[in-house]
Structure formats: C-alpha cells, structure tokens
1. Go through the range 83-111 and report how many residues are of a type outside the set (K, R), open to solvent by 50 Å² or more (accessible area, probe 1.4 Å) and either within 16 Å of the ligand (Cβ to nearest atom) or not in a helix (DSSP H, G or I) (or both).
2. How about the range 113-143: which of its residues are within 12 Å of the ligand (Cβ to nearest atom), surrounded by 15 or more Cβ atoms within 10 Å (Cβ to Cβ) and of a type in the set (A, V, I, L, M)?
3. Mind checking which strands (runs of 3 or more DSSP E) fall wholly inside the range 1-65 and carry at least 1 residues that are out of contact with any helix residue (DSSP H, G or I) (no Cβ under 8 Å at 6 or more places or on another chain) and at pLDDT 95 or above?
4. Considering the range 161-180 alone, what residues qualify as being under 23 Å from I105 (Cα atoms), within 11 Å of the ligand (Cβ to nearest atom) and surrounded by fewer than 16 Cβ atoms within 10 Å (Cβ to Cβ)?
5. Just to be sure, is E174 under 13 Å from the mean Cα position of the chain (by Cα) and touching a residue at least 24 places away in the same chain (Cβ under 8 Å)?
6. For I158, state whether it is away from the ligand (no atom under 12 Å from the Cβ) and either modelled with pLDDT of 95 or more or crowded, with 17+ Cβ neighbours inside 10 Å (or both).
7. Can you find, within the range 15-47, the residue that is nearest to V137 (Cα to Cα) among those that are within 16 Å of the ligand (Cβ to nearest atom) and polar (S, T, N, Q)?
8. With respect to A54, determine if the residue is under 12 Å from A5 (Cβ atoms), within 16 Å of the ligand (Cβ to nearest atom) and among the small types (G, A, S).
Amino acid sequence: MKRIAVFASGQGTNLEAILEAVKSGGISGEVALVISDQEKAQALQRAQRWGVKALFINPKEYKNREQYDQVLVDQLKADKIDLVVLAGFMRLLTPLFVRAFPLKIMNIHPSLLPAFPGLEGVEQALAYGVKVSGCTVHFIDEGLDTGPVILQEAVPVIQEDTIETLHQRIHASEYRLYPTAIDLFCRDKLKVEGRRCLIID
Ligand code: GAR
C-alpha cells in the first residue's frame with residue numbers, strides 16, 4: 001500500500017475528494033499525512049475530521065525556502081511517504097525538494113497546461129477568452145507547472161461564466177481526475193519517457 005502525503009494551503013476540497021476515493025476503494029493507497037503552510041487552512045481541519053495526521057509547518061520559522069523544504073523532506077522521510085500530492089499548495093518547491101522525490105510529486109492545476117501556468121489559472125483563461133479550459137494533473141519538475149502531464153480533462157467556458165462558476169466546474173472535473181491519477185501511480189501504472197507519461201497495463 002503506497003503512503004501518500006497531501007500538501008494544501010487552502011480549503012482542501014481536492015483533499016476531501018481524495019480521502020473519499022481512498023475510503024471507497026477508488027485509490028489503492030492511504031493518506032498518511034497532510035501538511036499545510038497556512039495555520040488556518042481548512043484542509044487541516046478536514047484532515048483532522050478524517051483522523052489523518054495533520055501538520056502546519058510555518059514558513060516564517062525558517063531562514064529561506066531551502067531550509068523550509070528540508071524540513072518538509074525530513075518529515076516525509078520520517079513518515080515513509082511514497083507519493084506527494086499537491087492540492088492547492090501555493091508555494092513553489094525548491095530543487096532540493098524536487099530532487100528528493102523525483103517523479104513522486106504530483107500537482108493539479110486549473111487549466112490545460114501549458115496554457116495559463118502559475119497563479120490564477122482560471123482568471124487567466126477567462127481573461128484570455130478561451131472557449132475551452134480544464135485541469136491538468138502533472139508530475140512536478142524544477143520548472144513552474146512544466147513537468148510531464150499525467151491526465152487532462154477539458155471544461156467548456158460558457159459566455160455567462162464568472163471566475164467562480166468556471167472554477168466550480170473545473171473543481172468538479174478535478175475531483176474525478178486527481179483520484180484517478182493518484183490511483184494509477186499507486187498501482188504502478190505510470191511510466192515517464194522524456195516528457196511523455198504513459199499509462200501501462
Ligand atoms: C484547485 O482548483 C487547484 O487546481 C488549484 O487550487 C485549487 C485548490 O482547491 N491549484 C493551483 O492553482 C495551483 N497553481 P482546493 O483547496 O479546494 O482543493
């Protein structure tokens with residue numbers, strides 16, 4: 001059984017979807033740890049409600065990003081984590097962290113990458129005027145939202161959309177896509193060749 005850590009800075013609705021999927025057998029792994037960089041993150045309260053170990057690790061207590069990331073790495077090693085899942089974690093990880101877990105860190109982003117990377121993917125897509133956006137699950141590399149794509153799902157943009165309505169439909173798509181990608185990892189079904197992530201039988 002793979003041991004998963006989820007990192008979240010905000011409301012944690014993806015975390016909730018992941019925990020539901022673990023419970024219903026949709027993910028053949030266990031969430032062993034939730035970490036947040038925000039003390040008040042709803043994600044921490046959700047984890048506690050599910051009886052999952054939840055830690056707030058305060059970036060302000062460390063001199064620089066590398067020191068903070070080293071603490072994260074040490075914690076993950078101590079908890080014997082196999083997969084790190086970023087679910088609305090709003091910090092850029094340093095190469096130190098990425099190199100400690102090569103192709104073992106996933107992220108979900110609310111656009112069809114490589115379009116609209118970085119912050120405010122939904123806002124960027126709406127402002128650009130695209131007719132289709134969506135969400136992307138990808139492995140983390142040392143760039144900003146540039147790692148190999150694992151799964152993507154398209155979400156149409158409608159004329160009446162606001163940031164909130166579009167993000168709501170993208171969220172609904174994320175709740176399906178992320179557990180699917182995590183389960184593929186847990187069952188050793190993902191293989192990366194260069195930039196391409198293949199699903200193997
Ligand atoms: C999700 O829509 C996720 O794609 C996005 O933050 C939201 C978190 O929602 N992530 C990013 O924008 C990463 N750059 P949640 O806290 O309810 O899961």
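The values are calculated or read from the model by the stated rules, or taken from the named source; none is laboratory data. Source: prediction; values computed, not measured. Neighbour counts are summed over all protein chains in view; Cβ atoms, including those assigned to glycine, are modelled from backbone coordinates with ideal geometry. Heads up: the accessible areas ignore ligands, DNA and RNA and are worked out on the full protein's heavy atoms, side chains in. Shrake-Rupley method; radii C 1.70, N 1.55, O 1.52, S 1.80 Å.
1. So the count comes out to 4.
2. The answer is L113, V122, A125, V137, I140.
3. On the way: elements: 2-7, 29-36, 54-56.
Hits in the range 1-65: 2-7, 29-36.
4. Looking only at the range 161-180, we keep the residues that are under 23 Å from I105 (Cα atoms), and these are 170-180.
Still in the list and also within 11 Å of the ligand (Cβ to nearest atom): 170-175, 177-178.
Listed by number, the list holds a single entry, A172.
5. Working: under 13 Å from the mean Cα position of the chain (by Cα): yes; touching a residue at least 24 places away in the same chain (Cβ under 8 Å): yes.
So E174 passes the test.
6. Working: away from the ligand (no atom under 12 Å from the Cβ): yes; either modelled with pLDDT of 95 or more or crowded, with 17+ Cβ neighbours inside 10 Å (or both): yes.
Judged against the criteria, I158 is a match.
7. Let us first name the residues in the range 15-47 that are within 16 Å of the ligand (Cβ to nearest atom), namely 15-22, 27, 31, 34-47.
Subsequent filtering for residues that are polar (S, T, N, Q) retains 36, 38, 42, 45.
On the way: S36: 20, Q38: 23, Q42: 22, Q45: 24 Å.
Among residues in the range 15-47 that are within 16 Å of the ligand (Cβ to nearest atom) and polar (S, T, N, Q), the one nearest to V137 (Cα to Cα) is S36.
8. Values: under 12 Å from A5 (Cβ atoms): yes; within 16 Å of the ligand (Cβ to nearest atom): yes; among the small types (G, A, S): yes.
Taking the combined requirement at face value, the residue satisfies it.
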